[in-house]
Each structure stands twice: as structure tokens, then as C-alpha cells.
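Read the structure below first, then the notes.
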Amino acid sequence: MIYERGIQHYKKTAATSASPVKIIVMIYDHLVLSLNEACVAIKENDVVRRNNCINKAQSIITELRNNLDFDVGGDIATNLDSMYSFMFKENLAALIDNDVDHIKTVLFTLEPIHKAWKELSDPKNANKLQQSIDSGAIPASSVPEPVTSK
């Protein structure tokens with residue numbers, strides 16, 4: 001019991017003290033975890049666990065989609081919206097067909113964007129980005145403002 005409370009406290013502290021980019025990485029990590037667990041559940045014919053995992057994945061995808069800012073994100077937000085819509089439909093197909101191939105398609109689709117966010121969360125890459133901005137290789141106007149809590 002105490003151990004579980006300690007883990008919950010650690011998770012809460014990690015989430016509330018993380019940078020916005022790190023939070024997105026954590027969200028994608030949870031999405032991948034839910035999808036992988038759904039694959040295992042399908043293979044083990046555990047319908048309840050499959051449903052729970054896919055429903056959790058669907059909730060995460062819905063939240064990601066609902067938080068897109070099309071005014072700031074432009075084409076990137078539009079492309080992410082299309083990707084999230086596709087992933088949502090594939091997860092529904094996995095529920096209906098009870099087929100891991102749909103989930104594998106979602107994981108394959110998700111992999112490059114998840115990897116990109118992980119790279120952005122690495123402080124070494126943040127320094128490289130700043131050096132590119134400072135050198136003029138990347139115009140500062142093309143880099144979005146960091147999200148700060150109010």
C-alpha cells in the first residue's frame with residue numbers, strides 16, 4: 001500500500017515538473033504501452049483487457065487531437081489531425097475484428113512522431129536547435145514559442 005502511494009506520488013511529481021515536450025513524450029509512451037498491452041490481450045483472447053487498453057488508447061488519441069492548435073500548427077496540426085483520425089479508426093477496427101494487425105499499423109504510424117518528440121525532449125537536441133537559430137540556419141520566426149504555465 002505504501003509502495004503504491006509512493007509510485008503514484010512519483011508519477012504525479014514527474015508529470016507536473018516535466019517540460020511541455022517531455023509531457024508529450026510521456027503521453028505517447030502511455031499510448032504505445034496501451035497499444036502493446038492490447039496486442040498481448042488479443043493474443044491471449046482477454047476481451048476485457050483488450051477493450052480497456054484500446055479504450056485507453058482511444059482516450060489518449062482523442063485528447064491529443066482535441067489539443068491541436070490549427071492557428072499555430074498550420075499544416076503540421078492538420079497532418080497530425082489526419083494521423084490521429086486514422087489511428088482512431090484502426091483501433092476501432094481492432095476492436096471489431098479482434099486483430100492485432102490494426103494495432104500494429106497504429107504503432108507503425110505512431111513510431112516516427114513518437115521518436116521525433118523523444119529527440120526534441122533531449123537537452124542535447126535543444127542546444128542544437130538553439131545553435132541553428134543563432135546561426136540563422138533556422139529562422140527564429142519558424143520556431144513556435146515555448147508553452148508556459150500561467
Exercise for the section: Could you list, in sequence order, all residues of the range 68-108 that are closer than 19 Å to residue 48 by Cα, touching a helix residue (DSSP H, G or I) at 6+ places or on another chain (Cβ under 9 Å) and of a type in the set (Asp, Glu)? Expected result: 90, 99, 101
Practice task
Determine if the range 82-91 includes at least one residue that is at pLDDT 95 or above, open to solvent by 80 Å² or more (accessible area, probe 1.4 Å) and out of contact with any Leu (no Cβ under 8 Å at 6 or more places or on another chain).
Solution key: yes
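Conditions (1) closer than 14 Å to residue 38 by Cα; (2) surrounded by fewer than 18 Cβ atoms within 10 Å (Cβ to Cβ); (3) without any contact (Cβ under 8 Å) to a residue 12 or more places away in the chain, marked per residue:
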site: 72; (1), (2), (3): no, yes, no
site: 77; (1), (2), (3): no, yes, yes
site: 80; (1), (2), (3): no, yes, no
site: 102; (1), (2), (3): yes, no, no
Exercise for the section: Give the residue that is farthest from residue 122 (Cα to Cα), with candidates limited to residues of the range 30-46 that are assigned to a helix (DSSP H, G or I) and free of Cβ contacts under 8 Å to residues at least 24 places away in the same chain. Expected result: 41
Practice task
Taking residue 133 as meeting all but one of (1) modelled with pLDDT under 85; (2) in contact with a helix residue (DSSP H, G or I) (Cβ under 8 Å, 6 or more places away or on another chain); (3) closer than 20 Å to residue 18 by Cβ, write down the number of the exception.
Solution key: (3)
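The values are calculated or read from the model by the stated rules, or taken from the named source; none is laboratory data. All of these numbers come straight from a predicted model, not from anything done at the bench. Using ideal geometry, Cβ is built from the backbone for each residue, glycine included, and neighbour counts are taken over all protein chains shown. The area values use the complete protein model at the heavy-atom level, side chains included, leaving out ligands, DNA and RNA. Shrake-Rupley method; radii C 1.70, N 1.55, O 1.52, S 1.80 Å.
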